[in-house]
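Enquirer: Structure incoming, see below.
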Amino acid sequence: MYPTVGQQWALARAFGCARVVFNDALATRERARRDELPYVTDAELSKALTAVKKTPERAWLGEVSSVVLQQALADLNTAYRNFFASVTGKRKGPRLGPPRFRSRRDHRQTIRFTKNAQFRITAAGKLRLPKIGDVPVRWSRDLPSDPSSVTIIKDAAGRYFASFVVETTDDPLPECESEIGIDLGLTTFAVLSNGKTITSPRFFRQAERRLRKAQQNLSRKEKGSKNRAKARMQVARAHARVRDARLDFAHKQAATLIRENQAVYVEDLCVSGLARTRLAKSVHDAGWGIFTRMLEDKAARYGRTFVKVDRWFPSSRTCSTCGRVDGPKPLSVREWICPCGAVHDRDLNAARNILAAGRAERLNACGAQVRPERVPAQRGEAGTPESVTRRW
């Protein structure tokens with residue numbers, strides 16, 4: 001989105017009002033918890049918002065769309081539900097903390113409009129928002145259906161985006177016989193089991209010199225000055241370029257692999273653990289987590305199979321020819337010879353082992369009983385005589 005100066009002021013006003021409503025509602029619930037009072041319901045918060053808009057201290061809340069304020073309360077309710085679900089164990093993943101107050105110094109601001117706000121797309125391709133106006137938009141694609149809501153986002157680099165919620169149907173891709181195993185790395189981004197490799201672009205390493213100069217320029221500016229704000233924007237834009245390039249690369253590579261293969265198998269790497277080692281900068285620059293999440297999402301969308309192989313599977317130490325598990329090998333060893341005579345490239349061998357392990361796990365997950373329970377033998381069935389069994 002490319003709002004005019006007046007529209008930027010109107011959006012800033014909407015961001016600020018949504019933040020104030022969110023913080024007031026959070027303070028109300030925190031005050032009730034501290035005073036050991038009953039939990040403040042959503043209806044009570046909405047009623048209190050309607051009353052506070054009529055007071056002189058909060059009369060300026062009426063300058064923005066009421067839908068924006070109600071959606072701020074909805075965001076708080078969602079945060080509380082996720083927190084309670086995480087505490088009780090109903091929500092999977094890392095433990096979530098309680099909602100926190102929003103700061104006016106946050107460089108990322110969002111508001112949301114639903115259909116009740118009566119936003120619409122004009123014939124000229126602009127986005128008409130209530131109490132903001134017709135905002136020029138550069139569309140990345142046509143909307144497949146009428147949107148049910150739109151979220152306006154201002155990122156740290158000062159850019160504005162519109163994110164729509166639409167209803168769409170994704171037809172599955174035609175089936176193919178190809179399956180692939182992927183071994184992720186740092187020197188080479190990915191080695192495929194068919195012998196192909198994907199070169200690591202190293203977006204952060206390439207932009208590191210430019211980022212360092214921008215950060216040095218920021219550190220020399222006086223805090224609170226306008227020049228410091230300009231320098232901070234330059235740093236944010238440099239980081240945004242790196243992030244956008246990495247996301248674009250991950251999208252294209254994941255789409256290609258899902259389109260060309262019926263099943264994709266990847267090792268379940270502990271990215272958060274590797275990011276605490278001396279290779280942290282390279283691990284973050286590679287973007288393994290983003291890449292695997294995109295593979296999983298696109299596979300579910302287009303009817304493909306995506307399987308994560310156990311991270312403790314010795315893919316680099318197992319011979320893909322005879323299956324012998326060799327001893328541990330440092331990262332400096334790129335090739336090794338198995339006693340069976342096979343000469344292995346470390347990454348290619350790992351990719352082939354990941355493919356074999358993923359296929360086995362996929363077949364086992366189809367419902368077949370891999371290890372059937374023991375069943376007592378029928379009387380009269382040929383077997384060990386009972387007298388021999390008793391002696392033992």
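All of the numbers you see were taken from the coordinates with simple rules; none came from a lab. Keep in mind that what you see is a predicted model, and the values were worked out from it rather than measured. Cβ coordinates were reconstructed from backbone atoms using ideal geometry, including for glycine residues, and neighbour counts include every protein chain displayed.
Enquirer: How high is the FRET efficiency from residue 272 to residue 9, r the C-beta distance, R0 35 Å, rounded to 0.05?
Expert: 0.30
Enquirer: Just one of (1) 0.92; (2) 1.34; (3) 0.97 is Cα Rg over 2.2 N^0.38 Å as worked out from the coordinates here. Which one is it?
Expert: Only one listed value fits the structure, namely (2).
Enquirer: For the range 75-88, just list the computed ³J(HN,Hα) in residue order, Karplus coefficients 6.51, -1.76 and 1.60, θ = phi - 60°, integers in Hz, with x standing in for Gly and Pro.
Expert: 5, 5, 5, 5, 4, 5, 4, 5, 5, 5, 5, 6, 5, 7
Enquirer: For residue 149, which sequence-distant residues (separation of 5 or more, or a different chain) have an amide H within less than 5 Å of its own amide H, given hydrogens modelled in the peptide plane?
Expert: The list, which skips near neighbours in sequence, is 165.
Enquirer: For the range 139-266, what are Rg and Dmax over the alpha carbons, in angstrom?
Expert: Just the Cα atoms of the range 139-266 yield Rg and Dmax of 20.3, 62 Å.
Enquirer: Moving on. Diagonalise the Cα gyration tensor of the range 68-185 and give the resulting equivalent ellipsoid semi-axes, square root of 5 times each eigenvalue, largest first, whole Å.
Expert: 29, 27, 16
Enquirer: Next up: Once phi is turned into ³J(HN,Hα) by the Karplus curve 6.51 cos²θ - 1.76 cosθ + 1.60 with θ = phi - 60°, what whole-Hz value does each residue of the range 338-346 show in order, with x for glycine and proline?
Expert: 7, x, 6, x, 7, 9, 10, 7, 4
Enquirer: Further, regarding this structure: No solvent, one uniform scatterer per C-alpha: report log10 I(q)/I(0) for the range 205-298 via the Debye equation at q = 0.17, 0.19, 0.20, 0.25 1/Å, two decimals.
Expert: For the requested q values the scattering log ratios are -0.85, -0.95, -1.00, -1.20.
Enquirer: Hey, can you rank 264-272, 213-221, 100-108 by average C-beta count inside 10 Å, highest first?
Expert: Top of the packing list down: 264-272, 213-221, 100-108.
Enquirer: For the pairs 196/298; 115/226; 115/154, note any where the Cα-Cα span goes beyond 31 Å.
Expert: 115/226
Enquirer: Return the loop-located trypsin sites (Lys or Arg not before Pro) in the range 283-337 (DSSP other than H, G, I, E, B) with at most 14 other Cβ atoms within 10 Å of their own Cβ; answer none if there are none.
Expert: 311, 324, 334
Enquirer: Quick one: the Cα spread of the range 1-150 along its three principal axes, in angstroms, biggest first?
Expert: Each principal axis gives a Cα extent; for the range 1-150 these are 54, 43, 28 Å.
Enquirer: Hey, what did the chain get for relative contact order, percent, Cα under 8 Å, at least 6 apart?
Expert: Reported as a whole number, the value is 13 percent.
Enquirer: Name the long-range amide H neighbours of residue 306: under 5 Å, sequence gap of 5 or more, or other chain; modelled H, no Pro or chain starts.
Expert: 264
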